[in-house]
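Reading through the structure tokens given below for one structure.
The values are calculated or read from the model by the stated rules, or taken from the named source; none is laboratory data. Just so you know, these numbers come straight off a predicted model, no measurement behind them. These area figures cover heavy atoms from the full protein model, side chains too; ligands, DNA and RNA do not enter into them. Shrake-Rupley method; radii C 1.70, N 1.55, O 1.52, S 1.80 Å.
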Amino acid sequence: LHRRRDGRLVRYCMQNDLELSLYSAPLARLNAGFLVRQLAHRGAHGAVVINASDASRYFRLFHKEQFPFCAILDGPEEARPWLLSVDNTQLAKRAVEYLIGLGHRRIAMLCGSSEFATFRSRLEGYRQALKENGINEDPGLVLFAEKRPPLHGDDFGFGAAGAAELLRHHDPPTAMVVMSDESAVGALHGLQRQGKSVPKDISLLCFDDARLARYITPTLTVVNIPNTELGFEAGAVVHQRILKKEFSLGGMATTAVRDADLIIRDSCGPPKRNILPAAG
């Protein structure tokens with residue numbers, strides 16, 4: 001259900017002689033009330049759901065039909081009893097504090113859709129870091145995907161369009177925090193088309209750490225979300241729920257939070273100028 005690949009989820013299924021079926025459909029169809037029937041038709045006994053939005057109402061059906069699931073990274077309140085995630089607020093705060101430590105005071109954020117709790121939490125971490133370091137937030141430096149449609153309908157396009165918009169700001173940023181590797185690659189493309197060098201003219205930091213982050217120039221500084229570990233653990237949770245027929249909200253139900261690393265690479269450096277003196 002939903003996007004993304006996860007090699008360790010596949011590995012868990014292989015190690016335990018389980019079959020894995022990938023299922024994707026428009027959200028309206030997922031919410032239409034036939035999802036469990038559709039999954040059962042595929043022979044599925046449980047589901048791992050990745051990056052569900054607030055509008056994902058099918059979790060209610062999972063509970064009603066006692067269909068075992070585990071959500072990864074995001075999901076509405078109905079998913080919370082069986083959710084594996086990270087502390088996005090603290091991770092975003094750590095990332096922004098790293099940029100502040102380099103001397104940046106004009107820090108932009110390219111957010112995803114505000115329908116996802118993940119992006120709202122990261123925005124909160126961004127705001128906390130600015131406030132605690134005596135930096136006033138500029139609303140013009142925070143861009144949401146749904147308010148600025150991507151050039152090509154994907155994260156690459158949003159990154160390119162967002163970077164171009166930020167460069168047109170009357171006081172453009174010296175650093176950008178981007179929500180995904182794809183958006184960061186798009187932003188890098190957009191910046192380079194405008195004759196800007198990363199990190200000489202502007203620093204770039206993103207989340208996730210897909211393989212491409214290590215093989216482009218410059219290599220991307222990232223908050224390394226442990227997607228593979230989360231996928232493996234989610235597979236184990238669903239498997240155990242199936243074996244133990246665990247459907248209630250008690251027992252083994254849990255919302256678990258995992259840590260993540262900030263990996264420093266080549267896309268971040270000191271700004272050309274400091275707009276404001278460092279706090280303190």
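Here are a few things to note about the model shown:
- Whether the stretch 104-194 is rounded, prolate or oblate, judged on the alpha carbon gyration tensor where a/c under 1.5 counts as rounded: oblate
- Per residue, the stretch 103-178 exposes 43 Å² of accessible surface when a 1.4 Å probe is rolled over the protein heavy atoms with every protein chain present.
- Of the solvent-accessible surface of the stretch 34-188, computed with a 1.4 Å probe over protein heavy atoms with every protein chain present, carbon and sulfur atoms account for 50 percent.
- Pairs of Lys residues in the chain are counted when their Cα atoms are under 16 angstrom apart and they lie 8 or more places apart or on different chains; the count is 4.
- Å² of accessible area per residue within the stretch 46-96, as computed with a 1.4 Å probe and no ligands counted: 31 Å²
- Answer label, with Cα Rg over 2.2 N^0.38 Å calculated from the coordinates and candidates (i) 1.28; (ii) 1.48; (iii) 1.07: (iii)
- Prolate/oblate/rounded call for the stretch 16-86, Cα gyration tensor, a/c under 1.5 rounded: oblate
- Cα gyration tensor, the stretch 57-172 - rounded (a/c under 1.5), prolate or oblate: oblate
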